[in-house]
1. What is the Cα radius of gyration of segment B:100-195 over 2.2 N^0.38 Å, N being its residue count?
2. Taking amide H positions as placed 1.01 Å from N in the peptide plane, with prolines and chain starts having none, which residues 5 or more places from A:LEU202, or on another chain, fall under 5 Å of its amide H?
3. Charges on Cβ only, +1 for Lys and Arg, -1 for Asp and Glu, centred on the Cα centroid of segment A:15-243; of A:ALA126, A:LEU58, A:LEU114, which one is farthest towards the dipole's positive end?
4. List the chymotrypsin sites (Phe, Trp or Tyr not before Pro) within segment B:155-237 that fall in a DSSP loop (any state other than H, G, I, E or B) and whose Cβ has at most 16 other Cβ atoms within 10 Å.
5. If you average the alpha carbon positions of segment B:157-229 and of segment B:326-347, how far apart do those two centres end up, in angstrom?
6. If the cut-off is a Cα-Cα distance under 14 Å, which aspartates and glutamates reach B:LYS50, setting aside same-chain residues fewer than 8 apart in sequence?
7. For the residue pair B:ALA112 and A:GLU328, what label-to-label distance in nm results when each label sits 7 Å from Cα along the Cα-to-beta-carbon direction?
8. Given the DSSP H assignment, sum -39500 (n - 2.57) over each helix run of at least 4 residues in the protein assembly as shown and divide by its residue total; what's the result at 222 nm in deg cm²/dmol, nearest 500?
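Just so it is clear, none of the values below were taken in a lab; they were calculated from the coordinates. Please read all numbers here as calculations on a predicted model, not as lab measurements. When we count neighbours, we look across all protein chains shown, and the Cβ atoms used for this are built from the backbone with ideal geometry, even at glycine.
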Amino acid sequence: MTPEPTPPVSLRGEPRLQLLHISKRYPAVLANEDVSLVVQPGEIHAVLGENGAGKSTLMKVIYGAVKADMGEIMWNGRQVDIPDPAAARALGIGMVFQHFSLFETLTVVENIALSLGGEFDLATLAVKVKEVSQRYGLPLDPLRHVHSLSVGERQRVEIVRCLLQNPQLLILDEPTSVLTPQAVRKLFETLRQLASEGVSILYISHKLDEIRELCERATVMRGGRVTGEADPRQESSASLARMMIGRELPHCEAPLFDGERKPLLEIRSLSREPEDAFGTRLTDIALTVHSGEVVGIAGISGNGQAELLAALSGETPVAREMVHLCGEAVGHRDAGARRDRGLSFVPEERLGRGAVPAMSLADNALLTAHREGLVRHGMRRFAAAREFAQRCIERFDVRCGGSSALARSLSGGNLQKFIVGREIMQTPKVMIVAQPTWGVDVGASAFLRQTLLDLSRSGVGVLVISEELEELFEICDRIAVLAGGRLSPAVPRGQTNAEAIGLAMSGLFAQPTPERAHAA
Amino acid sequence: MLLEPRATPSRWMSYAAPVLAILLTLSVGALLFLALGIDPHEAFHVFFIKPLADANGWSELLLKAAPLILIAQGLAIGFRARIFNIGAEGQLIMGAIFGGGVAIAFPESQSAWLLPAMVLAGALGGALWGAIPALLKTRFNAEETLTTLMLAYVANFILSWLVSDPWRDPAGMNFPQSVMFGDAALFSMLFDGLRLNTSVFITAAAVLLFWLFVSKSFLSYQVTVGGLAPQAARYAGFPASRTVWLSLVLSGLTAGLAGIGEVAGPVGQLNLNISPGYGYAAIIVAWIGRLHPVGIVFSGLLMALIYLGGEAAQMALQTPAAITGIFQGMLLFFLLACDVFIDFRLRKPLEKRRAAALAKKRATA
Ligand SMILES: Nc1ncnc2c1ncn2[C@@H]1O[C@H](COP(=O)(O)OP(=O)(O)O)[C@@H](O)[C@H]1O
Ligand SMILES: [Mg+2]
């Protein structure tokens, strides 16, 4: 080829990005099969599909993080080869990953400096970070260490990092899972503004109403193939869901509980200083979860959620009387001892906490389900662990390469189904779940929510901590709000609404809790 | 940098790395011999072939490999949990002192129970010397890398005080050494005229037990989780302090056993040359053996061969004694370097990067 004069970047009529017949095979699955897709300049384009449909893989192909086996990529009308993310960034492609890739021991601004490469001055960069984060409604302290950030805050770092590079195409893989409703509004404004300036956006989300509001085109994927294209503004959430999962979306059923209502998990004036300087102090938290009910805790991550969960699970023991499990004071006991007494727990971080990334699903079953006969006389029973994992995979419809698949090879939603399944199969008396459906597709979310409801109606006390109000209103019998390390009283679902909860989330409780009024 | 992370760690590379490391060590070793004016061909023959030419060579090989393998088995448990005991040498010496102390306390004993008592005392001494860093770590969060190493020096000083004062052999012409142990205090020889003794069975049994422990026990699984994902271990409620105690006490115990194997074996008394650095060399053995009980057997044999080869080369080629240490050090160095390629790979060839740079230029033009 002879070198030609370079055409202007935004040549009219030239698509920004064109994928032609992309295929990618992993050992166990065909993740992308003959996928074609066109994105115009300034277009906000949604990619829809169940967990494991191949969306993230396709995005990684565009970003150069995964090499396609077949197919071509056209960028502004020219065929390009994108061997690695650096090349993608050089072309003007930015991506916010579903799993974050930040260095825990560095500060926010240091992390961003590293990814920008080249020469930089930390002080001016910190100012820029601050500016961009404020402009886009993504509040961030550039000097904080990443290890002290919540999942939601880490995602903000990733988004800001991309925006600093002035991309022509921005890929967002489930960006809003952990943002507050207001922040989602702000982000949408930003994205619309970026689009009006000609930046194209590829947007993956499981929240169909968001997609209907934001996107003008949608490509639907199922099992690695493109199964349809739609204008989401012309569709209903139900019709989009149908395209995604190939059938009607099930509805959650919350039957009445007719068993005896006993207190199972009692939190009694729990207070705790944070472990590090940026944690949240828990102040005088009180809550009781009874058999047969689902209690929800609403609120935005970073308001004491992580600290409360660690205190309840036993990962950071507290004073003996602060936590009661089935009538026994267990506040001082560690996680294992609480599990021995009937507690199950699904944490927010699936990889590295709820599961060991480098271990197989069978080995990960052993992590907490060793109480289910997977160990005898101190020796592992491998066949039993495989069998347990296999049952979990089947019962909870985990899409993976079998019980020997490594935990880190599963997509987020499927790993979540496995962890929830593993915990439920231990027939707990109390089940605590953090962000049950974060990153889980609509079909699987409905299934998980119904599973938690059914679990509670079998006499288990279920505590759900979630940022998604809709989810809490769908499954919870009572809802409390955690804001600034204080917990509002749990109110029956029928006696509250989204506005009241939203108000409480900003820290203004309708009335002070009796305990605190007393102390004052 | 020329490296980029792999999407998934390469399993192939984790087995290829030790082989690659050995090849690199040999190549650099050849250059080294050339620089010393020695024909590498002859040097390698002296180093690696001649020591194994007769029965005595094999006996010496096993005699040296046994303590290395034994100690490395214990160390590997801790390394899996990221508990780095680098003071096994001190635990070995403590084992020798405790076990040897029993022999010195009953100099006339002919009892069949004397040797078992020494073995027990040796294990206890080593375990105790491992327990101190465990206590310091769980109570005061003191780094075990520092405490184990410092305690190794302490053990050495205790030994030299003992053999130069209270336990010195009165008939020993003022040499810092104890009396020679009686027959009842020594492992018996396996073959006439060879130094190989029954203590190898301790190592053999240990390999079997450690293999069982690592591949089958739930406790070993918990330790491994603690090393791979500390948060997951905390989430599951596997106590971190138990892992610390287990790793350090167990590796101290095996080192103590190795110590008694030396003093009740080829050395036959307490003196200042109980071990030619087995406790340190075993660290390399554990890594090269991929922390795997069977892998450690092979790497232990290799390391023992380097010891023998180094001695043979000293005699036949007048090379300096340091050559043994150089080979051991190179082996570890190259292994760690090759290990990088388990998780990383070289960047794509230059051509593709040029293409990317070109694309960038065009896009900004
Ligand atoms: N690194 C990997 N190794 C093996 N299989 C993978 C890997 N990454 C993804 N997969 C598999 O490819 C399929 C598509 O995954 P993904 O693209 O993450 O889906 P989505 O983002 O739509 O949820 C899944 O079945 C997943 O298990
Ligand atoms: Mg995905």
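1. 1.35
2. Amide H to amide H, under 5 Å and 5 or more residues apart or across chains, A:LEU202 pairs with A:HIS45, A:LEU170, A:ILE171, A:LEU172.
3. Checking the options against the dipole of segment A:15-243, the answer is A:LEU58.
4. Qualifying residues, ordered by number: B:PHE191.
5. Going from one Cα centre to the other spans 31 Å.
6. B:GLU42, B:GLU60, B:GLU311
7. Placing both labels 7 Å beyond Cα along the Cβ direction yields 4.9 nm.
8. -15500 deg cm²/dmol
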